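The values are calculated or read from the model by the stated rules, or taken from the named source; none is laboratory data. Just so it is clear, the structure is predicted and the values come from calculations on it, not from any experiment. Note that we place each Cβ from the backbone using ideal geometry, even for glycine, and neighbour counts take in every protein chain shown. For the accessible areas, the whole protein counts, side chains as well, though only heavy atoms, and no ligand, DNA or RNA atoms are used. Shrake-Rupley method; radii C 1.70, N 1.55, O 1.52, S 1.80 Å.
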Amino acid sequence: MQTARRGHRFANGDEMPLLGLGTWKSAPGDAYRAVKAAIAAGYRHLDCAAIYANEAEIGRALAELFAAGEVRREQLWITSKLWNDMHAPADVLPALRKTLADLQLEYLDLYLVHWPIALAKGVLAPRSAADLIPLSELPLAQTWAAMEPAVELGLTRHLGVSNFSAAKLQALHAGARVKPEVNQVELHPYLQQPELLASCRALGVHVTAYSPLGSGDRPGGLKAADEPVLLGDPVIVDIAGRQGVSAAQMLIAWALQRGTSVIPKSIDPGRMRENLAATALTLSDEDIQRIAGLERRRRYLDGKFWIAGGVYSLAGLWDE
Ligand code: NDP
Ligand code: 1BO
């Protein structure tokens, strides 16, 4: 059986498999079945989050897999994320403990601040300014200081962030007692973010690529009418065809060759196996050059959904 062997080694010796399974938009029953199929296929890295509303079913799948001896906890890398309405320091550890209870785990491998956005407690998605808390009132550094004890308490082995610009990451890193070790951001040929990758590398922060296939199953409200379909891009399709692989495999191989980890979502066992097999592919220098030419600075998750009421701006969110 093929397993996702290539990994990123952290300073403490822990290794995160570079290919993981995304779970956003996986309905609870699908997530349960997907985790079982993924582990059977050889996946050893799961990307979860409280807001995905499927951690309890993922936890049930994991508990059954452990009980059946299909895999051991220490063979897995499990990431989860703090949702934006739990940034207040008093809420951070309870949110992490809730995720652990749902996942039926003693510890996470990685816990991320999901977005550099603070929502009022109980708000999952903002509708007006009252739902949002400005970072001037609830600074990211305060949230981070409440995350740090989670490592000492053994609730997570590593901490990180997601959707952080280089400027926000540098500021957080400078003041952190426990340093962020991962930044999970959108990355694919239409949004290559070379400057952010270089900034993360300079800080020793590993980067995970999300929405690597273009997130085609996002809710319609998060889609733009004119958005390009990454999996159908003629250059990607052509390069994939020449190697006799799928466009999805080419996109995953490209992400891995850049040194990022990558977390394509699938609930289909065949596509999961296909995506895992991409870990064995190599792109030529010419392929890399051609894909470099696809850059469009195009975000599929552009963050517009945080801008309700003008508390946050897109320029301030992405620092660009
Ligand atoms: P992806 O780019 O992974 O695309 C998912 C879509 O691709 C689904 O429709 C899936 O369908 C389809 N797909 C999967 N494999 C193949 C294949 N081999 N061929 C054709 N289609 C395929 O989108 P996501 O936005 O879900 O990103 C991946 C993960 O990253 C998320 O699930 C989540 O874990 C994480 N993420 C994190 C964010 C953050 O803010 N930190 C934001 C967005 C994502 P099917 O399931 O039917 O196979
Ligand atoms: C707002 C979408 C978050 C996915 O991780």
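Numbers below:
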{"read-out": "FRET E, pair Leu314, Ala56, Förster distance 35 Å, beta-carbon r, rounded to 0.05", "value": "0.55"}
{"read-out": "Helix-only mean residue ellipticity at 222 nm for the chain, each DSSP H run of n ≥ 4 adding -39500 (n - 2.57), per residue, nearest 500", "value": "-10500 deg cm²/dmol"}
{"read-out": "Rg/Rh ratio calculated on Cα atoms of the chain (Kirkwood radius)", "value": "0.94"}
{"read-out": "Accessible surface of the chain, 1.4 Å probe, proportion on carbon and sulfur as whole %", "value": "54 percent"}
{"read-out": "Simple spin-label estimate for Asp238 and Gln170 in nanometres, 7 Å along Cα-Cβ", "value": "3.8 nm"}
{"read-out": "Label-point gap, in nm, between Lys223 and Asp14 - each point 7 angstrom along Cα→Cβ", "value": "3.6 nm"}
{"read-out": "Dipole magnitude of the stretch 233-288, debye to nearest 20 (Cβ charges: Lys/Arg +1, Asp/Glu -1, about Cα centre)", "value": "280 debye"}
{"read-out": "Rounded accessible area of Tyr32 (nearest 10 Å², 1.4 Å probe)", "value": "40 Å²"}
{"read-out": "Lysine pair count for the chain [Cα-Cα under 19 Å; pairs on different chains or 8 or more apart]", "value": "16"}
{"read-out": "Radius 12 Å from Cβ of Val113, net charge of other residues (Lys, Arg +1; Asp, Glu -1)", "value": "+1"}
{"read-out": "Protection-proxy order for peptides 300-307, 156-163, each taking the mean of Cβ atoms within 10 Å per residue, highest first", "value": "156-163, 300-307"}
{"read-out": "Highest average packing first - 237-245, 13-21, 88-96, Cβ atoms within 10 Å", "value": "13-21, 88-96, 237-245"}
